[in-house]
Amino acid sequence: DVYKRQVSNIVTFAGRYTGVRQVTLAENFRSSEGVVEVGKSVAERIPAGSRLPKAMVRAGHQAWERGDLIARDFTDAEHEAAWICDRITAMRGLAFKDTEDGDARGLSWSDFAVLFRSVAKDADPLVAEMRRRGIPYVVKGLNRLFDSPEITAVVAVFRYMVDRIDEADLWALWHLADLLPADGDWQAAVAVLDEGRDFARGERWGVYNIQRIYLEFLAALGVREETVPGDPVRRELVFYQLGKFSQAISDFEAIYFNTEPAQKYESFAGWLEHQAPDYYAESDSDVGYATPDAVTLTTVHQAKGMQWPAVFVPCLRKNRFPSKRQGGLGLFHVIPDTAIADSDRYRGTVEDETRLFYVAVTRAQKYLFVSFSPGSNRMFQNRSPFFDHCASQQWFSTRDTGLPAEAPRLEPQTRQETPNVTFSFSELKYLFECPYQFKLRFLYGFNPPLHEALGYGKGLHDAISEVHKRALAGDVVGNDAAEDLVRRHLHTPYAYPALRETLYEAAVKSVRRYLNEHGSTLDRTVHSEKQIQVHVAPGVTVAGRIDLVRRLDTDELAIVDFKSTARAQDEDVTRDQLHVYAVGYEELTGERADLVEVLNLDEEGKTIREEVEEPLLAAVRTQIQDAGDSLRKNQLPRLPSWDAKCSKCDLAELCRDVPAPEQSARRATSGR
Ligand code: SF4
């Protein structure tokens, strides 16, 4: 646990080194006085020697009111879960101000978080109650994902593929999960699976692509965000789950892509059943800038750095939180304590748990509810000292008298902010091209099917980069180095043997041609793979690498991007993007580039060379800023109608009807 080590290292740092000056940073909370004071009191439980003398300062405008902080104990977990749900339902719509000067809004589902010491061990009763009441929730980390009826239905698709269930069972599960679109074509969807599981039809193994089957099944059934039964909140949530499942497929397929198909699907079904639920450990963080409007259920560990208007910390059971030291075999059954200086640093201590509890309580901006109910195991029958600590604080009430009748209420509205967005260049490209494709890929997490040529573009790129890096070090390579460069850099793990051979030859040819054409100017390399960051607007950063910066014979400075059309993951660099590079380069070095160039590494490829345009630089900045704003507002619409970008969009079927003439072409490029 990095967090743990960091704290103990920092605390003892001054003692271990000379000449250390300690500067204490005040921590700014946007929390009410009640929450800040409780946080302080928790921190004071840590002996002074192990704690940084952090000055906790209340920087927010939230006022503490009696009833904001409640500590309650229950006779069982079901009553505790029911109370949490009652509270959330009652508080939804309560007027809340995010900033002192801003307008008040009504609290929405996503303003509530429930923090557990262990989601896996304690969250079940609450999940069941929320599901029963139809309260939308997301569980951070993927492990609970596999318990949802939606994912159970999706997993069933792959159980059907290997004959573990029949079509009627599959339909029943999709029906139960309420996933069937009103006009969905079930027969067409099952036909996709039947074709996919005809493992004897003798195509090359890469064609039996799990991700492709998954996406085609959804497409044939007509699953789109707007056809998912329910309201927009549920639709987003379902797409979020389906996207996460797509990621799980990618993780599996990255390793088993080239396994014999029948065996691959068999292993996948087994993996989904036995390993996947645990494979996604609780520490897995979610990708994405915005979460759907839903209550967050997460571990305290994962909640670091975040705040919510209202936070619940339930299941405060002795031996759970603070967690009892782990039994069983561990490092200390092999190495005696005495062999390691300061051995406590290497295991969880009560202080670490207290720090964690401090994290938990300070996630609340205004409302903080801690609670206890006995667990099912004998170990967890008693209240945690953390619960008693809270109950003894004057800021807490130990009885819930409900919300005051006169409490102002407003329409529930989600918080309109996404802290610190950092785009990579390729994310930015998607956002510029089509905001909805960006949403499908990066917010929901859908991945396109693995392409068999994957790795080609990167390998080529890395080979050319080495050429430039060596040139910078004074070692200008000749074109006889091409084979060696490609041999060392090209890895195409998903290619079948004939394709691998073709890709290898194509790469050698490209590198050789590049060296022939540019060998004499290699000594004019200024930078290779230059890391840049562009701070576009407060909280919006673009980070990435410029392939090459070189000086031309004309003495002009050019920013260069390499392109290869055969590159499996199309990185069609637009003029706008090149101007982002130019903005970043100038921010970093203070030097203005004169030109932007695209050097195409393919034989027929087109080279682009254009002057950096001043107005475009400004326009690009505005464009990125707007992109950041639309992301924060979750306004990520589709393109108005089918166009050339849609033809190249890997996820088009999840978005809209594909025109008939395009359909067969898309099937062909998908590998069949
Ligand atoms: S099909 Fe077109 S509109 Fe839909 S996500 Fe893809 S690019 Fe965007």
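Hey, D650 hits all of (1) more than 16 Å from the ligand (Cβ to nearest atom); (2) touching a residue at least 24 places away in the same chain (Cβ under 8 Å) but one; which does it fall short on?
Just one mismatch for D650, condition (1).
Being basic (K, R), in contact with a strand residue (DSSP E or B) (Cβ under 7 Å, 6 or more places away or on another chain) and at pLDDT 95 or above is the requirement here; does R117 meet it? Walk me through it before giving the result.
Values: basic (K, R): yes; in contact with a strand residue (DSSP E or B) (Cβ under 7 Å, 6 or more places away or on another chain): yes; at pLDDT 95 or above: no.
When the stated conditions are applied, R117 does not pass them.
Would you mind telling me which numbered condition in (1) more than 30 Å from R621 (Cβ to Cβ); (2) in contact with a helix residue (DSSP H, G or I) (Cβ under 9 Å, 6 or more places away or on another chain); (3) of a type in the set (D, E) E517 fails?
Of everything listed in (1) more than 30 Å from R621 (Cβ to Cβ); (2) in contact with a helix residue (DSSP H, G or I) (Cβ under 9 Å, 6 or more places away or on another chain); (3) of a type in the set (D, E), E517 misses just condition (2).
Contact list please: Cβ distance under 7 Å, first residue in the range 435-448 and closer than 15 Å to E236 by Cβ and among the aliphatic types (A, V, I, L, M), second residue more than 11 Å from the ligand (Cβ to nearest atom) and in a loop (DSSP other than H, G, I, E, B), pairs at least six apart or on different chains.
Qualifying pairs under 7 Å: L443/G288; L443/Y289; L443/A290.
Restrict the check to the range 417-438 and report whether at least one residue is touching a helix residue (DSSP H, G or I) at 6+ places or on another chain (Cβ under 7 Å), part of a loop (DSSP other than H, G, I, E, B) and not assigned by TED's automatic domain parsing to the domain that holds V540.
Yes, the range 417-438 has at least one match.
Given the condition closer than 30 Å to S510 by Cβ, in contact with a Gly (Cβ under 7 Å, 6 or more places away or on another chain) and outside the structural domain of A507 (by TED's automatic domain parsing), answer yes or no: does some residue in the range 653-666 qualify? Working first, answer last.
First, pick out the residues of the range 653-666 that are closer than 30 Å to S510 by Cβ: 662, 665-666.
So of that shortlist, the ones also in contact with a Gly (Cβ under 7 Å, 6 or more places away or on another chain) come out as none.
For the range 653-666, residues closer than 30 Å to S510 by Cβ, in contact with a Gly (Cβ under 7 Å, 6 or more places away or on another chain) and outside the structural domain of A507 (by TED's automatic domain parsing): absent.
Would you tally the residues in the range 603-642 being in contact with a helix residue (DSSP H, G or I) (Cβ under 9 Å, 6 or more places away or on another chain), within 15 Å of the ligand (Cβ to nearest atom) and not in a helix (DSSP H, G or I)?
Looking only at that region, the number is 6.
Which condition breaks for K244 when tested against (1) in contact with a Gly (Cβ under 7 Å, 6 or more places away or on another chain); (2) surrounded by fewer than 19 Cβ atoms within 10 Å (Cβ to Cβ)?
Only one criterion is unmet by K244, namely (2).
Has the range 209-218 got any residue that is outside the structural domain of L651 (by TED's automatic domain parsing) and assigned to a loop (DSSP other than H, G, I, E, B)? I'd like the intermediate steps shown before the answer.
Going residue by residue through the range 209-218, those that are outside the structural domain of L651 (by TED's automatic domain parsing) are 209-218.
Checking which are assigned to a loop (DSSP other than H, G, I, E, B) leaves us with 209.
Yes, the conditions are met somewhere in the range 209-218.
Any idea how many residues of the range 606-634 are surrounded by fewer than 17 Cβ atoms within 10 Å (Cβ to Cβ) and either small (G, A, S) or outside the structural domain of L515 (by TED's automatic domain parsing) (or both)?
Looking only at that region, the number is 3.
Given the conditions (1) in a helix (DSSP H, G or I); (2) at pLDDT 95 or above; (3) closer than 30 Å to E100 by Cβ, report the number of the one that D388 does not fulfil.
(3)
Go through the range 476-501 and give me each residue that's among the aromatic types (F, W, Y) and surrounded by fewer than 16 Cβ atoms within 10 Å (Cβ to Cβ). Working first, answer last.
Residues of the range 476-501 that are among the aromatic types (F, W, Y), as a first pass: 494, 496.
Passing the criteria: only Y496.
Could you grab me the full set of residues in the range 212-231 that are crowded, with 19+ Cβ neighbours inside 10 Å and under 19 Å from P448 (Cβ atoms)? Walk me through it before giving the result.
Going through the range 212-231, the residues crowded, with 19+ Cβ neighbours inside 10 Å turn out to be 212-221, 223, 228.
Once the filter is applied, which keeps residues that are crowded, with 19+ Cβ neighbours inside 10 Å and under 19 Å from P448 (Cβ atoms), the range 212-231 yields R212, I213, Y214, L215, E216, F217, L218, A219, A220, L221, V223.
Find the residue count for the range 201-211, including only residues that are surrounded by 21 or more Cβ atoms within 10 Å (Cβ to Cβ) and under 23 Å from the mean Cα position of the chain (by Cα).
1
May I ask you to say which residue of V542, V536, V526, V511 is β-branched (V, I, T), under 17 Å from A593 (Cα atoms) and surrounded by 15 or more Cβ atoms within 10 Å (Cβ to Cβ)?
Working: V542 fails: under 17 Å from A593 (Cα atoms); V536 fails: under 17 Å from A593 (Cα atoms); V511 fails: under 17 Å from A593 (Cα atoms).
The conditions single out V526.
Just checking, how many residues over the range 74-121 are within 29 Å of the chain's Cα centre (by Cα) and of a type in the set (F, W, Y)?
Residues that pass the stated criteria total 4.
Would you pick out the residues in the range 510-553 that are closer than 30 Å to Q625 by Cβ and aliphatic (A, V, I, L, M)? Even if it seems obvious, please write down each step before you answer.
Here is the first cut: in the range 510-553, the ones closer than 30 Å to Q625 by Cβ are 526-550.
Scanning the range 510-553 gives V526, I532, V534, V536, A537, V540, V542, A543, I546, L548, V549.
Looking at the structure I just gave you, is A254 loosely packed, with under 14 Cβ neighbours inside 10 Å, in contact (Cβ under 8 Å) with a residue 40 or more places away in the chain and under 30 Å from the mean Cα position of the chain (by Cα)?
Values: loosely packed, with under 14 Cβ neighbours inside 10 Å: yes; in contact (Cβ under 8 Å) with a residue 40 or more places away in the chain: yes; under 30 Å from the mean Cα position of the chain (by Cα): yes.
When the stated conditions are applied, A254 passes them.
Filter the range 121-141 down to the residues that are in contact with a helix residue (DSSP H, G or I) (Cβ under 6 Å, 6 or more places away or on another chain) and modelled with pLDDT under 80 and list them by number.
K140
Looking only at the range 430-466, filter to residues that are within 12 Å of the ligand (Cβ to nearest atom) and of a type in the set (K, R); which one of those is farthest from the chain's Cα centre (by Cα)?
Here the answer is K439.
How many residues are under 17 Å from A156 (Cα atoms) and not in a helix (DSSP H, G or I) when one looks only at the range 219-262?
1
For the range 654-667, give me each residue that is more than 8 Å from the ligand (Cβ to nearest atom) and in a helix (DSSP H, G or I).
The answer is A660, P661, E662, Q663, S664, A665, R666, R667.
The values are calculated or read from the model by the stated rules, or taken from the named source; none is laboratory data. Here the structure is a predicted model, which means the values were calculated and not measured. Because the Cβ atoms are built from the backbone with ideal geometry, glycine has one as well, and the counts that use them run over all protein chains shown.
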